[in-house]
Amino acid sequence: MLSRISTLILLLCAPLIVYAAAPTVPLLPDQFANWRAESPAQPVVPRDLGPNFDVILRESGQKQAEQRIYRNAGDQITVRAFRLHDPSSAFELYTFLLAPGMKTVNLGPNAASSGANSIFLIGDLVIQADLSPTARPEALQNLLEIMKSKADSTPLPPVKDYLPTKGRTFGTEKYALGPQAFSSALNNLEQSAYAELVKEVGFENGVEAMFARFHSQKNDAVLLLLEYPTPQLAEQHLHHVETVISSEALKSGVSVERKASLLSLVFVQNSREFALALRSDINYETSVTWNEPSQTATDPPWFLVMSQIFIFTGIFMGVATALGIAFGGVRVITKRLFPGKVFDRPEDIEVIQLGLSGKKIDASDMY
(Lines give C-alpha, C1' and ligand atoms only; values in the text may rest on other atoms or scores of the structure.)
Protein backbone atom coordinates (compact mmCIF):
# COMPACT_ATOMS: atom_id res chain seq x y z
CA MET A 1 0.00 0.00 0.00
CA LEU A 2 2.82 2.38 0.94
CA SER A 3 4.65 1.63 -2.30
CA ARG A 4 1.55 2.54 -4.31
CA ILE A 5 1.18 5.84 -2.46
CA SER A 6 4.86 6.63 -3.01
CA THR A 7 4.51 5.89 -6.72
CA LEU A 8 1.46 8.15 -6.95
CA ILE A 9 3.29 11.01 -5.19
CA LEU A 10 6.24 10.65 -7.56
CA LEU A 11 3.96 10.75 -10.60
CA LEU A 12 2.22 13.89 -9.32
CA CYS A 13 5.50 15.63 -8.51
CA ALA A 14 7.32 14.58 -11.68
CA PRO A 15 6.26 17.68 -13.73
CA LEU A 16 7.49 19.97 -10.94
CA ILE A 17 10.81 18.14 -10.73
CA VAL A 18 11.29 18.35 -14.49
CA TYR A 19 10.40 22.07 -14.48
CA ALA A 20 12.84 22.79 -11.63
CA ALA A 21 15.60 20.85 -13.35
CA ALA A 22 14.99 22.48 -16.74
CA PRO A 23 17.70 25.01 -17.67
CA THR A 24 16.77 28.69 -17.77
CA VAL A 25 16.48 30.11 -21.26
CA PRO A 26 19.47 32.47 -21.77
CA LEU A 27 18.72 36.16 -22.11
CA LEU A 28 21.72 37.14 -24.21
CA PRO A 29 22.07 35.79 -27.77
CA ASP A 30 25.11 33.94 -29.13
CA GLN A 31 25.60 36.64 -31.75
CA PHE A 32 24.34 40.06 -32.76
CA ALA A 33 25.44 41.95 -35.86
CA ASN A 34 29.17 41.20 -36.25
CA TRP A 35 29.68 40.45 -32.58
CA ARG A 36 30.01 36.84 -31.44
CA ALA A 37 30.04 35.51 -27.89
CA GLU A 38 33.31 33.90 -26.92
CA SER A 39 31.70 31.63 -24.29
CA PRO A 40 28.31 30.62 -22.86
CA ALA A 41 26.44 33.02 -20.60
CA GLN A 42 27.75 33.25 -17.04
CA PRO A 43 25.90 34.26 -13.85
CA VAL A 44 26.47 37.80 -12.60
CA VAL A 45 28.09 38.29 -9.20
CA PRO A 46 26.37 41.51 -7.96
CA ARG A 47 28.83 42.25 -5.15
CA ASP A 48 31.60 42.57 -7.73
CA LEU A 49 29.73 45.40 -9.49
CA GLY A 50 29.73 47.91 -6.67
CA PRO A 51 28.37 48.65 -3.18
CA ASN A 52 24.66 48.00 -2.56
CA PHE A 53 24.26 46.43 -6.03
CA ASP A 54 23.14 43.08 -4.63
CA VAL A 55 20.80 44.81 -2.15
CA ILE A 56 19.08 46.81 -4.91
CA LEU A 57 18.76 43.69 -7.06
CA ARG A 58 16.97 41.85 -4.26
CA GLU A 59 14.67 44.80 -3.60
CA SER A 60 13.86 45.13 -7.32
CA GLY A 61 12.92 41.46 -7.58
CA GLN A 62 15.70 40.03 -9.72
CA LYS A 63 14.54 37.06 -11.77
CA GLN A 64 17.55 36.48 -13.98
CA ALA A 65 21.03 37.96 -14.36
CA GLU A 66 23.76 36.89 -16.78
CA GLN A 67 26.76 38.24 -18.64
CA ARG A 68 28.66 37.40 -21.82
CA ILE A 69 31.75 38.70 -23.55
CA TYR A 70 31.43 39.48 -27.27
CA ARG A 71 34.25 40.05 -29.72
CA ASN A 72 34.44 41.63 -33.15
CA ALA A 73 37.96 41.55 -34.56
CA GLY A 74 40.02 43.35 -31.90
CA ASP A 75 37.09 44.95 -30.08
CA GLN A 76 35.43 43.54 -26.97
CA ILE A 77 32.13 44.22 -25.20
CA THR A 78 31.07 42.76 -21.87
CA VAL A 79 27.27 42.73 -21.66
CA ARG A 80 25.19 42.09 -18.54
CA ALA A 81 21.44 41.53 -18.71
CA PHE A 82 19.08 41.73 -15.74
CA ARG A 83 15.44 40.66 -15.80
CA LEU A 84 13.47 42.24 -12.96
CA HIS A 85 10.04 41.72 -11.48
CA ASP A 86 8.37 44.28 -13.80
CA PRO A 87 9.27 47.47 -15.71
CA SER A 88 8.89 49.61 -12.57
CA SER A 89 11.43 47.43 -10.76
CA ALA A 90 13.71 47.60 -13.79
CA PHE A 91 13.41 51.39 -13.80
CA GLU A 92 14.56 51.39 -10.17
CA LEU A 93 17.72 49.48 -11.11
CA TYR A 94 18.27 51.62 -14.21
CA THR A 95 18.18 54.88 -12.22
CA PHE A 96 20.40 53.31 -9.56
CA LEU A 97 23.03 52.81 -12.28
CA LEU A 98 22.59 56.34 -13.67
CA ALA A 99 25.29 58.80 -12.66
CA PRO A 100 25.99 62.49 -13.27
CA GLY A 101 28.19 62.96 -16.32
CA MET A 102 26.36 60.37 -18.38
CA LYS A 103 24.82 61.45 -21.65
CA THR A 104 21.84 60.21 -23.59
CA VAL A 105 22.47 58.12 -26.68
CA ASN A 106 20.18 57.71 -29.65
CA LEU A 107 19.33 54.08 -28.90
CA GLY A 108 15.99 54.43 -27.18
CA PRO A 109 14.17 56.66 -24.69
CA ASN A 110 16.09 55.23 -21.73
CA ALA A 111 19.70 54.90 -22.84
CA ALA A 112 22.75 56.51 -21.25
CA SER A 113 26.48 56.23 -21.72
CA SER A 114 29.64 57.55 -20.12
CA GLY A 115 32.87 56.52 -21.75
CA ALA A 116 33.14 52.74 -21.53
CA ASN A 117 29.94 52.27 -19.49
CA SER A 118 26.51 52.17 -21.14
CA ILE A 119 23.13 51.26 -19.64
CA PHE A 120 19.78 50.65 -21.32
CA LEU A 121 16.26 50.08 -20.03
CA ILE A 122 13.95 47.90 -22.15
CA GLY A 123 10.71 46.98 -20.38
CA ASP A 124 11.61 44.70 -17.48
CA LEU A 125 15.21 44.31 -18.74
CA VAL A 126 18.26 46.36 -17.84
CA ILE A 127 21.28 46.02 -20.11
CA GLN A 128 24.71 47.14 -18.93
CA ALA A 129 27.69 47.12 -21.29
CA ASP A 130 31.41 47.70 -20.74
CA LEU A 131 32.92 48.81 -24.07
CA SER A 132 36.49 48.63 -25.20
CA PRO A 133 38.11 52.02 -26.03
CA THR A 134 37.48 51.60 -29.76
CA ALA A 135 33.87 50.37 -29.48
CA ARG A 136 30.89 52.71 -29.65
CA PRO A 137 27.47 52.38 -27.93
CA GLU A 138 25.82 52.33 -31.36
CA ALA A 139 27.36 48.89 -31.87
CA LEU A 140 24.72 47.55 -29.47
CA GLN A 141 21.73 48.59 -31.61
CA ASN A 142 21.11 45.11 -33.01
CA LEU A 143 21.43 43.58 -29.54
CA LEU A 144 18.84 46.00 -28.15
CA GLU A 145 16.41 45.09 -30.92
CA ILE A 146 16.82 41.41 -30.02
CA MET A 147 16.29 42.11 -26.32
CA LYS A 148 13.21 44.22 -27.03
CA SER A 149 11.42 41.15 -28.38
CA LYS A 150 12.01 39.42 -25.01
CA ALA A 151 10.97 42.32 -22.77
CA ASP A 152 7.70 43.20 -21.06
CA SER A 153 6.04 46.15 -22.81
CA THR A 154 4.12 47.38 -19.74
CA PRO A 155 4.42 51.20 -19.37
CA LEU A 156 6.93 52.67 -16.96
CA PRO A 157 5.71 54.46 -13.79
CA PRO A 158 4.15 57.86 -14.63
CA VAL A 159 5.82 59.63 -11.71
CA LYS A 160 9.01 59.91 -13.77
CA ASP A 161 7.21 62.24 -16.18
CA TYR A 162 6.16 64.60 -13.39
CA LEU A 163 9.72 65.90 -13.00
CA PRO A 164 10.33 69.30 -14.60
CA THR A 165 12.75 69.33 -17.52
CA LYS A 166 14.06 72.86 -17.07
CA GLY A 167 17.35 72.89 -15.19
CA ARG A 168 17.41 69.14 -14.52
CA THR A 169 20.83 67.50 -14.27
CA PHE A 170 20.78 64.33 -16.34
CA GLY A 171 22.01 61.30 -14.45
CA THR A 172 20.64 62.45 -11.09
CA GLU A 173 17.20 60.92 -11.63
CA LYS A 174 16.56 58.24 -9.00
CA TYR A 175 13.42 56.12 -8.68
CA ALA A 176 12.67 54.10 -5.55
CA LEU A 177 10.09 51.44 -4.81
CA GLY A 178 11.67 50.44 -1.52
CA PRO A 179 13.78 51.72 1.36
CA GLN A 180 17.14 50.52 -0.02
CA ALA A 181 16.88 52.45 -3.27
CA PHE A 182 15.48 55.45 -1.38
CA SER A 183 18.41 55.55 1.05
CA SER A 184 20.88 55.10 -1.81
CA ALA A 185 19.30 58.04 -3.67
CA LEU A 186 19.56 60.29 -0.61
CA ASN A 187 23.26 59.46 -0.26
CA ASN A 188 24.01 59.93 -3.96
CA LEU A 189 22.27 63.29 -3.97
CA GLU A 190 24.02 64.42 -0.78
CA GLN A 191 20.85 64.52 1.29
CA SER A 192 21.84 61.97 3.94
CA ALA A 193 20.76 64.46 6.63
CA TYR A 194 17.19 63.41 5.84
CA ALA A 195 17.83 59.67 6.19
CA GLU A 196 14.92 59.40 8.65
CA LEU A 197 12.53 60.06 5.77
CA VAL A 198 12.83 56.43 4.73
CA LYS A 199 10.81 55.43 7.80
CA GLU A 200 8.05 57.99 7.23
CA VAL A 201 7.29 58.02 3.49
CA GLY A 202 5.30 54.77 3.70
CA PHE A 203 6.70 52.12 1.37
CA GLU A 204 4.37 49.64 3.07
CA ASN A 205 1.48 51.65 1.58
CA GLY A 206 2.71 51.52 -2.01
CA VAL A 207 4.42 54.91 -2.36
CA GLU A 208 6.67 55.59 -5.36
CA ALA A 209 9.56 58.04 -4.98
CA MET A 210 11.31 60.04 -7.69
CA PHE A 211 14.39 62.21 -7.15
CA ALA A 212 16.35 64.62 -9.36
CA ARG A 213 18.77 67.52 -8.96
CA PHE A 214 18.04 70.92 -10.50
CA HIS A 215 20.19 73.98 -10.92
CA SER A 216 20.04 77.56 -12.06
CA GLN A 217 22.67 80.25 -12.33
CA LYS A 218 22.59 80.92 -8.60
CA ASN A 219 20.80 78.00 -6.97
CA ASP A 220 20.91 74.23 -6.67
CA ALA A 221 18.14 72.01 -5.31
CA VAL A 222 16.98 68.42 -5.06
CA LEU A 223 13.34 67.65 -5.80
CA LEU A 224 11.65 64.60 -4.31
CA LEU A 225 8.23 63.47 -5.53
CA LEU A 226 6.19 60.94 -3.55
CA GLU A 227 3.14 59.51 -5.27
CA TYR A 228 0.60 57.60 -3.17
CA PRO A 229 -2.30 55.40 -4.26
CA THR A 230 -4.87 57.80 -2.73
CA PRO A 231 -5.01 61.44 -1.57
CA GLN A 232 -5.90 60.20 1.93
CA LEU A 233 -2.60 58.33 2.23
CA ALA A 234 -0.73 61.35 0.90
CA GLU A 235 -2.31 63.58 3.55
CA GLN A 236 -1.53 61.06 6.27
CA HIS A 237 2.15 60.79 5.33
CA LEU A 238 2.45 64.54 4.82
CA HIS A 239 2.26 64.96 8.59
CA HIS A 240 4.77 62.15 9.12
CA VAL A 241 7.23 63.71 6.71
CA GLU A 242 6.89 67.13 8.32
CA THR A 243 8.07 65.70 11.63
CA VAL A 244 11.41 64.72 10.06
CA ILE A 245 12.18 68.18 8.66
CA SER A 246 13.68 70.41 11.32
CA SER A 247 12.59 73.98 11.88
CA GLU A 248 16.05 75.16 10.79
CA ALA A 249 15.65 73.36 7.46
CA LEU A 250 12.21 74.87 6.96
CA LYS A 251 13.63 78.34 7.59
CA SER A 252 16.42 77.76 5.06
CA GLY A 253 13.97 76.96 2.27
CA VAL A 254 13.20 73.22 2.53
CA SER A 255 9.48 72.75 1.95
CA VAL A 256 6.88 70.03 1.51
CA GLU A 257 3.45 70.35 -0.10
CA ARG A 258 0.63 68.06 -1.18
CA LYS A 259 -1.37 68.14 -4.38
CA ALA A 260 -3.96 65.38 -4.53
CA SER A 261 -1.98 62.11 -4.25
CA LEU A 262 1.45 63.72 -4.78
CA LEU A 263 3.82 65.08 -2.16
CA SER A 264 6.66 67.29 -3.33
CA LEU A 265 9.73 68.08 -1.23
CA VAL A 266 12.31 70.63 -2.30
CA PHE A 267 15.70 70.50 -0.60
CA VAL A 268 17.24 73.91 -1.20
CA GLN A 269 19.36 76.33 0.79
CA ASN A 270 18.17 79.91 1.34
CA SER A 271 16.08 80.28 -1.80
CA ARG A 272 12.34 80.02 -1.32
CA GLU A 273 11.81 81.65 -4.73
CA PHE A 274 13.73 78.87 -6.47
CA ALA A 275 11.76 76.24 -4.55
CA LEU A 276 8.46 77.83 -5.58
CA ALA A 277 9.54 78.08 -9.22
CA LEU A 278 10.67 74.46 -9.23
CA ARG A 279 7.43 73.23 -7.69
CA SER A 280 5.35 75.23 -10.17
CA ASP A 281 7.06 73.39 -13.04
CA ILE A 282 6.00 69.95 -11.81
CA ASN A 283 4.04 68.23 -14.59
CA TYR A 284 1.23 66.91 -12.43
CA GLU A 285 -2.44 67.64 -13.01
CA THR A 286 -5.41 66.08 -11.28
CA SER A 287 -8.63 65.18 -13.04
CA VAL A 288 -11.86 63.38 -12.20
CA THR A 289 -12.97 60.73 -14.64
CA TRP A 290 -16.31 58.97 -14.92
CA ASN A 291 -15.83 55.42 -16.11
CA GLU A 292 -19.49 54.39 -16.18
CA PRO A 293 -21.42 54.22 -19.48
CA SER A 294 -23.14 57.50 -20.23
CA GLN A 295 -25.21 59.16 -22.93
CA THR A 296 -25.98 62.70 -23.99
CA ALA A 297 -29.64 63.66 -23.46
CA THR A 298 -31.08 66.19 -25.90
CA ASP A 299 -34.65 67.59 -25.88
CA PRO A 300 -36.59 67.40 -29.16
CA PRO A 301 -38.07 70.62 -30.65
CA TRP A 302 -41.12 71.97 -28.82
CA PHE A 303 -43.40 71.85 -31.88
CA LEU A 304 -42.58 68.14 -32.28
CA VAL A 305 -43.45 67.51 -28.64
CA MET A 306 -46.80 69.37 -28.94
CA SER A 307 -47.76 67.69 -32.21
CA GLN A 308 -47.07 64.25 -30.71
CA ILE A 309 -49.18 65.13 -27.65
CA PHE A 310 -52.18 66.10 -29.83
CA ILE A 311 -51.81 63.10 -32.11
CA PHE A 312 -51.62 60.49 -29.33
CA THR A 313 -54.40 62.23 -27.35
CA GLY A 314 -56.66 62.15 -30.44
CA ILE A 315 -55.87 58.49 -31.02
CA PHE A 316 -56.68 57.68 -27.38
CA MET A 317 -59.99 59.57 -27.52
CA GLY A 318 -60.97 57.94 -30.80
CA VAL A 319 -60.27 54.44 -29.46
CA ALA A 320 -62.20 55.19 -26.24
CA THR A 321 -65.21 56.55 -28.19
CA ALA A 322 -65.24 53.58 -30.54
CA LEU A 323 -65.08 51.07 -27.69
CA GLY A 324 -67.88 52.93 -25.83
CA ILE A 325 -70.16 52.97 -28.88
CA ALA A 326 -69.40 49.33 -29.61
CA PHE A 327 -70.17 48.25 -26.05
CA GLY A 328 -73.40 50.28 -25.84
CA GLY A 329 -74.55 49.31 -29.35
CA VAL A 330 -74.09 45.58 -28.72
CA ARG A 331 -76.12 45.85 -25.51
CA VAL A 332 -79.00 47.79 -27.13
CA ILE A 333 -79.21 45.45 -30.14
CA THR A 334 -79.14 42.37 -27.93
CA LYS A 335 -81.92 43.69 -25.73
CA ARG A 336 -84.09 44.42 -28.75
CA LEU A 337 -83.52 41.04 -30.37
CA PHE A 338 -83.66 38.99 -27.16
CA PRO A 339 -85.63 40.97 -24.60
CA GLY A 340 -85.29 39.66 -21.07
CA LYS A 341 -83.09 36.73 -22.13
CA VAL A 342 -79.54 38.07 -22.11
CA PHE A 343 -79.64 41.35 -20.21
CA ASP A 344 -82.08 42.40 -17.44
CA ARG A 345 -83.50 38.92 -16.88
CA PRO A 346 -86.25 39.01 -14.20
CA GLU A 347 -84.63 36.30 -12.09
CA ASP A 348 -81.38 38.25 -11.98
CA ILE A 349 -82.88 41.59 -11.03
CA GLU A 350 -83.33 42.52 -7.39
CA VAL A 351 -84.41 46.07 -6.73
CA ILE A 352 -85.19 47.29 -3.26
CA GLN A 353 -88.42 49.32 -3.28
CA LEU A 354 -89.91 51.09 -0.23
CA GLY A 355 -93.50 50.94 -1.53
CA LEU A 356 -94.39 54.45 -0.38
CA SER A 357 -96.91 54.84 -3.18
CA GLY A 358 -100.00 52.84 -3.76
CA LYS A 359 -98.46 51.11 -6.73
CA LYS A 360 -98.04 47.38 -6.39
CA ILE A 361 -94.42 46.28 -5.93
CA ASP A 362 -93.03 44.64 -9.07
CA ALA A 363 -89.47 43.24 -8.73
CA SER A 364 -89.00 43.45 -12.48
CA ASP A 365 -89.83 47.13 -12.54
CA MET A 366 -86.44 48.87 -12.78
CA TYR A 367 -87.77 52.15 -14.08
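The values are calculated or read from the model by the stated rules, or taken from the named source; none is laboratory data. None of these values were measured; they are calculated from a predicted model. Here the Cβ is made from the backbone with ideal geometry for all residues, glycine too, and neighbour counts use every protein chain on show.
Couple of notes before you dig in:
- Test: residue in the stretch 168-175 that is of a type in the set (Lys, Arg), crowded, with 20+ Cβ neighbours inside 10 Å, touching a helix residue (DSSP H, G or I) at 6+ places or on another chain (Cβ under 6 Å) and not assigned by TED's automatic domain parsing to the domain that holds Gly108: yes
- So Tyr94, is it farther than 22 Å from Ser184 by Cα, at pLDDT 90 or above and among the aromatic types (Phe, Trp, Tyr): no
- Residues of the stretch 243-273 that turn out to be in contact with a strand residue (DSSP E or B) (Cβ under 6 Å, 6 or more places away or on another chain) and either closer than 22 Å to Ala193 by Cβ or modelled with pLDDT under 90 (or both), as a count: 11
- Lone unmet requirement of (1) modelled with pLDDT under 95; (2) over 25 Å from Val25 (Cβ atoms); (3) not basic (Lys, Arg) for Ala65: (2)
- Leading residue by the ranking (surrounded by the most Cβ atoms within 10 Å (Cβ to Cβ)) among those in the stretch 122-149 that are touching a residue at least 60 places away in the same chain (Cβ under 8 Å) and under 15 Å from Thr104 (Cβ atoms): Leu140
- Subset of the stretch 245-276 [within 30 Å of the chain's Cα centre (by Cα) and either part of a helix (DSSP H, G or I) or outside the structural domain of Leu186 (by TED's automatic domain parsing) (or both)]: Ala275, Leu276
- Selected residue (criterion: surrounded by the most Cβ atoms within 10 Å (Cβ to Cβ)) from residues of the stretch 190-212 that are of a type in the set (D, E, K, R) and either free of Cβ contacts under 8 Å to residues at least 60 places away in the same chain or over 21 Å from Gly171 (Cα atoms) (or both): Glu200
- Taking the criterion of being in contact (Cβ under 8 Å) with a residue 40 or more places away in the chain and in a loop (DSSP other than H, G, I, E, B), the residues of the stretch 29-62 that qualify are Pro29, Ala33, Asn52.
- All of Asp152, Asp161 fail the test of being out of contact with any Leu (no Cβ under 9 Å at 6 or more places or on another chain), over 24 Å from Asp48 (Cα atoms) and surrounded by fewer than 20 Cβ atoms within 10 Å (Cβ to Cβ), apart from Asp161.
- Entry remark, the stretch 64-85: residues being under 17 Å from Lys148 (Cα atoms) and basic (Lys, Arg) number 2 in total.
- Failed item, numbered, when Ile5 is tested on (1) at pLDDT below 75; (2) surrounded by 12 or more Cβ atoms within 10 Å (Cβ to Cβ): (2)
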